[in-house]
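S.K.: Dropping the structure in here first, questions after.
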Amino acid sequence: MTSFPIGQPVPAKSYPYPKRAVHVGKYVTLRAVLPTVDAAELYPHIQGSEAADNQWLYMPYGPWTALEDFQAWLEDIQAKTEPMFYAVIYQGHTVGIVSQLNITPAHGRLELGHIWYIQAVQNTKVNTETIYLLLKDTFDTLGYRRAEWKCDSLNARSQAAAKRLGFQPEGLFRQHIVYKGRNRDTAYFGMLDYEWPRIKANMERWLYSAEVGLSLTALNQPDL
């Protein structure tokens with residue numbers, strides 16, 4: 001993997017489109033959405049409390065007020081390949097949804113987004129391993145040059161997660177989107193192919209080693 005300075009010619013390469021595979025980690029499995037199963041598992045945990053409702057503040061959808069509406073949304077996204085959605089399975093239960101989106105094979109880049117989980121698994125290893133598996137697919141399987149993370153500039157939690165996971169801040173797109181009647185400035189983060197080996201090693205160390213007190217944020221600080 002090589003860094004190409006701006007303006008330098010890049011060797012021609014054909015990048016594949018992602019395939020919806022089953023991604024298996026030590027803690028989580030990512031699989032295709034199963035609307036009936038996943039609706040029954042997720043719905044009781046994603047509405048009805050202030051904490052559950054607050055997680056939809058920065059999403060273009062949700063919260064849902066009926067199980068049938070939520071299942072209909074899952075049915076709508078089930079077969080999409082842009083975005084390509086996955087259900088996150090942990091200890092035999094569906095605990096969240098993630099996706100690959102803005103997939104651009106011509107330039108070898110995609111975004112990770114539509115990421116949300118039930119309250120019980122937040123601040124656990126679930127999200128870290130989920131993103132690790134999708135980044136492995138992005139860089140190791142597809143050979144892509146770039147992964148992106150975007151969020152509302154007011155979403156401090158998402159920005160902190162991006163930095164912790166090794167994405168580097170790349171600026172702010174002002175008045176980028178209007179959603180739910182609100183203006184959104186969008187914070188952009190990126191990760192490049194030649195950065196991935198270091199980040200991958202850090203994630204594996206944090207996820208799977210017996211070391212105590214590791215900070216993934218500290219491990220993933222960019223080299224100065």
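The values are calculated or read from the model by the stated rules, or taken from the named source; none is laboratory data. Note that the structure is a prediction, hence the values are computed from the model and not measured. Every residue, glycine as well, gets a Cβ built from its backbone with ideal geometry; the counts of neighbours run over all protein chains shown.
S.K.: Across segment 199-223, what is the number of residues that are among the β-branched types (Val, Ile, Thr) and in contact with a helix residue (DSSP H, G or I) (Cβ under 6 Å, 6 or more places away or on another chain)?
M.R.: 1
S.K.: Quick one: in segment 59-98, which of the residues that are part of a loop (DSSP other than H, G, I, E, B) and touching a Phe, Trp or Tyr at 6+ places or on another chain (Cβ under 8 Å) is surrounded by the fewest Cβ atoms within 10 Å (Cβ to Cβ)?
M.R.: 60
S.K.: Out of the residues in segment 160-183 that are surrounded by 13 or more Cβ atoms within 10 Å (Cβ to Cβ) and either under 21 Å from residue 214 (Cβ atoms) or small (Gly, Ala, Ser) (or both), which is farthest from the chain's Cα centre (by Cα)?
M.R.: 168
S.K.: Could I ask something else about it? Looking at segment 168-176, is at least one residue part of a loop (DSSP other than H, G, I, E, B) and among the basic types (Lys, Arg)?
M.R.: no
S.K.: Okay, moving on. Select from segment 15-36 the residues that are of a type in the set (Val, Ile, Thr) and surrounded by 14 or more Cβ atoms within 10 Å (Cβ to Cβ) and list them in ascending order.
M.R.: Those that are of a type in the set (Val, Ile, Thr) and surrounded by 14 or more Cβ atoms within 10 Å (Cβ to Cβ): 28, 29, 33.
S.K.: If you don't mind, another one. Any idea how many residues of segment 4-23 are of a type in the set (A, V, I, L, M, F, W, C) and touching a residue at least 40 places away in the same chain (Cβ under 8 Å)?
M.R.: Total meeting the criteria: 1.
S.K.: From the residues in segment 161-176 that are in contact (Cβ under 8 Å) with a residue 24 or more places away in the chain and out of contact with any helix residue (DSSP H, G or I) (no Cβ under 8 Å at 6 or more places or on another chain), which one is farthest from residue 112 (Cα to Cα)?
M.R.: Looking at the filtered set, the residue picked out is 168.
S.K.: Under the condition of being farther than 19 Å from residue 192 by Cβ and in contact (Cβ under 8 Å) with a residue 60 or more places away in the chain, which residue from segment 96-114 is farthest from the chain's Cα centre (by Cα)?
M.R.: Here the answer is 97.
S.K.: Can you list residue pairs whose Cβ atoms sit under 8 Å apart, with the first residue in segment 183-211 being farther than 17 Å from residue 221 by Cβ and the second being in a helix (DSSP H, G or I) and among the β-branched types (Val, Ile, Thr)? Count only pairs 6 or more apart in sequence or on different chains.
M.R.: Every condition considered, the pairs that remain are 207/128.
S.K.: Would segment 115-136 turn up any residue that is surrounded by 19 or more Cβ atoms within 10 Å (Cβ to Cβ), touching a residue at least 12 places away in the same chain (Cβ under 8 Å), hydrophobic (A, V, I, L, M, F, W, C) and touching a Pro at 6+ places or on another chain (Cβ under 8 Å)?
M.R.: no
S.K.: Continuing with the same structure: At pLDDT 95 or above and touching a Ser or Thr at 6+ places or on another chain (Cβ under 7 Å): is that true of residue 33 in this structure?
M.R.: When the stated conditions are applied, residue 33 does not pass them.
S.K.: Restricting attention to segment 179-205, and to residues there that are at pLDDT below 95 and outside any strand (DSSP E or B), which single residue is nearest to residue 128 (Cα to Cα)?
M.R.: 180
S.K.: Related question: Does segment 184-224 hold any residues that are exposed (fewer than 13 other Cβ atoms within 10 Å of the Cβ), within 30 Å of residue 57 (Cβ to Cβ) and hydrophobic (A, V, I, L, M, F, W, C), and which are they?
M.R.: Listed by number, the list holds a single entry, 218.
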